[in-house]
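**Q** After the structure tokens below, expect a handful of questions from me.
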Amino acid sequence: MITQLAPDLRRIMAQNPSPLTGTGTNTYLVGQGDIAVIDPGPDLPEHMAAILSALRPDEVITHILVTHTHLDHSALAPGLARKTGAVVCGFGPFDAGRSATMEALAARGLPDGGEGIDRQFRPDVTLSDEAVIAGKSWTLRAIHTPGHAASHLCFALGDRLFSGDHMMGWSSSLISPPDGDMAAYMASLARLQDEHWSQAFPGHGAAIAVPAERLAALADHRRGREAALRQAVQSGPMALSSLTAHVYADTPIHLHRAAARNVLAHVIDLFDRNDLQCDDILAPDPIVSPT
Ligand SMILES: [Zn+2]
């Protein structure tokens, strides 16, 4: 489905709906004539065809920008690059941008949560924080926003923000260590709050009309979960699975596996800040207790 959002902006939604992708991944076409694609999306032939059919006869894709290395966002990058000759731009491979804490946990063998990490992804052009990349009809600025993924970038087109999976309107973000990082996520939310955004275009779901409100609500939501979690362990040690059932009692049960990853992310963050004890963070169901 192709939606013209502005004269210089089109959105194509991939046909990969699921509880974690919502209605499907959003691919954005930025510019007129020479086009930058933000998040080529999942490796589906019909999605590639939809992107190519959205181009007018005089248009070419010159750049493919990837917000983060999850398969539903980046997997089509090599195929679309082969087809169009565009250069692929991103922060780096999936584990680039990890904090020292997550580096250490990954080195000790903390497994990911099966969130579909694209381990093959390698950009042609590496974009560091604040890198500016431009075509004839567009200029984009990369903002490193680790949290949902270590290598996550948001892209600024003037005061319009492409927020990937860092900020969505319909859902909060999955924070699954060691790729996900709660401390980094909160810092990245605060970082975006330093600038004015007229609109935000997320990796899944509809555009966000008042990004400042959404950023504040997401930060509040996490602080609320954190407070609930700290409260729950005050009465004594709890297994992470029980903690998840308690703190996410308002969340449908089929999402509790994902929710447990968020709880793990909070526990690592609180442990790091000396606010909680944890017997063995690498255990299948770690025991969390108050300090
Ligand atoms: Zn996604």
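**Q** Filter region 153-166 down to the residues that are within 12 Å of the ligand (Cβ to nearest atom) and in a loop (DSSP other than H, G, I, E, B) and list them by number.
**A** Those that are within 12 Å of the ligand (Cβ to nearest atom) and in a loop (DSSP other than H, G, I, E, B): Asp165, His166.
**Q** Looking at (1) part of a loop (DSSP other than H, G, I, E, B); (2) in contact with a Ser or Thr (Cβ under 9 Å, 6 or more places away or on another chain); (3) not basic (Lys, Arg), which is the one condition that is false for Ile35?
**A** (1)
**Q** Oh, and also: List the number of the failed condition for Ala228; all other conditions in (1) under 15 Å from Ser173 (Cα atoms); (2) part of a helix (DSSP H, G or I); (3) free of Cβ contacts under 8 Å to residues at least 24 places away in the same chain hold.
**A** It fails just one condition, (1).
**Q** Still on this structure, please answer the following. Residues in region 51-64: is at least one of a type in the set (A, V, I, L, M), within 16 Å of the ligand (Cβ to nearest atom), closer than 25 Å to Pro7 by Cα and part of a loop (DSSP other than H, G, I, E, B)?
**A** No, region 51-64 contains no residue that is of a type in the set (A, V, I, L, M), within 16 Å of the ligand (Cβ to nearest atom), closer than 25 Å to Pro7 by Cα and part of a loop (DSSP other than H, G, I, E, B).
**Q** Further question: Between Leu52, Leu20, which is modelled with pLDDT under 95, in contact with a helix residue (DSSP H, G or I) (Cβ under 8 Å, 6 or more places away or on another chain) and on the phi < 0 side of the Ramachandran plot?
**A** Criteria check complete, one pass: Leu20.
**Q** Here's something else I'd like to know. Out of region 263-291, which residues are in contact (Cβ under 8 Å) with a residue 12 or more places away in the chain and assigned to a strand (DSSP E or B)?
**A** Leu276, Gln277, Ile287, Val288, Ser289, Pro290
**Q** Give Pro284, Pro202, Pro252 a once-over and let me know the one that is of a type outside the set (A, V, I, L, M, F, W, C) and surrounded by 12 or more Cβ atoms within 10 Å (Cβ to Cβ).
**A** Pro202
**Q** Within region 99-110, is even one residue small (Gly, Ala, Ser), part of a loop (DSSP other than H, G, I, E, B) and within 21 Å of Ile208 (Cα to Cα)?
**A** Checking region 99-110: not a single residue is small (Gly, Ala, Ser), part of a loop (DSSP other than H, G, I, E, B) and within 21 Å of Ile208 (Cα to Cα).
**Q** Next question. Quick one: in region 166-199, of everything that is of a type in the set (Asp, Glu) and over 9 Å from His148 (Cα atoms), which residue is surrounded by the fewest Cβ atoms within 10 Å (Cβ to Cβ)?
**A** Once the filter is applied, the top-ranked residue is Asp194.
**Q** Let me spell it out: the conditions are (1) assigned to a helix (DSSP H, G or I); (2) buried (at least 24 other Cβ atoms within 10 Å of the Cβ); (3) away from the ligand (no atom under 16 Å from the Cβ), and His73 meets all of them except one. Which number is the exception?
**A** Among (1) assigned to a helix (DSSP H, G or I); (2) buried (at least 24 other Cβ atoms within 10 Å of the Cβ); (3) away from the ligand (no atom under 16 Å from the Cβ), the lone unmet condition for His73 is (3).
**Q** Something else now. Across region 20-35, what is the total count of residues that are within 18 Å of Met167 (Cα to Cα) and away from the ligand (no atom under 12 Å from the Cβ)?
**A** 1
**Q** Of the residues that sit in region 200-225 and are touching an Asp or Glu at 6+ places or on another chain (Cβ under 8 Å) and of a type outside the set (Gly, Ala, Ser), which one is nearest to the ligand (Cβ to nearest atom)?
**A** Ranking the qualifying residues of region 200-225, first place goes to His204.
The values are calculated or read from the model by the stated rules, or taken from the named source; none is laboratory data. Nothing here was measured: the structure is a model prediction, and the numbers come from that model. Positions of Cβ are generated from backbone atoms using ideal geometry, with glycine treated the same way; all protein chains shown enter the neighbour counts.
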